[in-house]
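Student: There's a structure below that I have some questions on.
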Amino acid sequence: MQLLYIKEKHTISDKAFNEIMSIFGIIDVSLYKLRKSLKKIVPIQPKLVDICWNSCCAFIGENANHDICPICGEPRYVSGKTPEQSQKSAAYFSIIDSLTIQYKDPFRATILRYRHEYTSREEYISNDGKIGDVFDGNRYKSLVALGLFPDYRDVALIASTDGYQLFRQKRNDCWIVLFLNANLPLSQRVKKENLMIIAVIPGPKSPKDFNSFLQPLINELKHLESNVYFDYFILLMLIELYITEYYFI
């Protein structure tokens, strides 16, 4: 598993990886077996949701029964295919699955008490006015005043989304939605291995109805908040958008 991690980290080709295994005489372990074992350890599978060919909207929620994009008129399905096949899909990864994996590790679960420990400090309670973390801000404190985050196991999530270009020609405007687990200390929160990629929205154009793309995420957050899966998870979601035409809270 450590060799597989190194392979993915340094983008070593399958052929080169197999040659390395052969040199060290490791012939009873294949990439197929390693990846199969990894899936058992980390059972996170993407959920695919139909979206418009031009990335205008996702066919979910109010658009679930539409066969044509309500914005550009592009057909939802590939013409002549039986059964019906969507022209394009966006990938979503379960927040619930990710949090479950994190809290199964006792050591990790202890680290994830950072939010509670930070807000329990005497300096924080005395309100010295210093800003050292998101929990010192008015947004978080206003939620606490409403009765949220009463338990040390409550989770605060910070969501961020932005577009990125795959090629220098800047013809494909893809989007990604990721979460930061604010229960992690500042020194670990934004490390690559701790970023929770929640959704990948393919191009070629920017989403028009961005709310429709967020619907699967909102549905899962509601499940968490209503204690369907966890008894003590209340979620703070702050979405930072780097475009001016969309605003979410």
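The values are calculated or read from the model by the stated rules, or taken from the named source; none is laboratory data. Note that this is a predicted model, so its numbers are computed, not measured. With ideal geometry, Cβ positions are generated from the backbone for all residues, glycine too; neighbour counts draw on all protein chains shown.
Conditions (1) modelled with pLDDT under 85; (2) over 25 Å from LEU217 (Cα atoms); (3) outside any strand (DSSP E or B), marked per residue:
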residue	(1), (2), (3)
ASN65	no, no, yes
ILE71	no, no, yes
ALA91	no, no, no
ARG115	no, no, yes
LYS130	yes, yes, yes
LEU157	no, no, no
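Student: Quick one: in segment 171-230, of everything that is among the polar types (S, T, N, Q) and in contact (Cβ under 8 Å) with a residue 40 or more places away in the chain, which residue is surrounded by the fewest Cβ atoms within 10 Å (Cβ to Cβ)?
Tutor: The qualifying residue surrounded by the fewest Cβ atoms within 10 Å (Cβ to Cβ) is GLN188.
Student: Report whether or not ASP97 is within 20 Å of VAL200 (Cβ to Cβ), surrounded by 13 or more Cβ atoms within 10 Å (Cβ to Cβ), out of contact with any Ser or Thr (no Cβ under 9 Å at 6 or more places or on another chain) and not basic (Lys, Arg).
Tutor: Details: within 20 Å of VAL200 (Cβ to Cβ): yes; surrounded by 13 or more Cβ atoms within 10 Å (Cβ to Cβ): yes; out of contact with any Ser or Thr (no Cβ under 9 Å at 6 or more places or on another chain): yes; not basic (Lys, Arg): yes.
In short, yes.
Student: Would you check if ILE51 is without any contact (Cβ under 8 Å) to a residue 24 or more places away in the chain and surrounded by 11 or more Cβ atoms within 10 Å (Cβ to Cβ)?
Tutor: So ILE51 does not fit the description; no.
Student: Restricting attention to segment 14-30, which residues are surrounded by 10 or more Cβ atoms within 10 Å (Cβ to Cβ) and either within 15 Å of MET1 (Cα to Cα) or not assigned by TED's automatic domain parsing to the domain that holds MET1 (or both)?
Tutor: Result: PHE17, ASN18, ILE20, MET21, ILE26, VAL29, SER30.
Student: Of everything in segment 72-94 that's surrounded by 14 or more Cβ atoms within 10 Å (Cβ to Cβ) and of a type in the set (A, V, I, L, M), which residue is farthest from LYS208 (Cα to Cα)?
Tutor: Applying the filter and picking the extreme gives ALA91.
Student: Further, regarding this structure: Return the residues of segment 129-150 that are surrounded by 12 or more Cβ atoms within 10 Å (Cβ to Cβ) and not basic (Lys, Arg); say none if nothing qualifies.
Tutor: Answer for segment 129-150, where residues must be surrounded by 12 or more Cβ atoms within 10 Å (Cβ to Cβ) and not basic (Lys, Arg): GLY132, ASP133, VAL134, PHE135, ASP136, TYR140, LEU143, VAL144, LEU148, PHE149.
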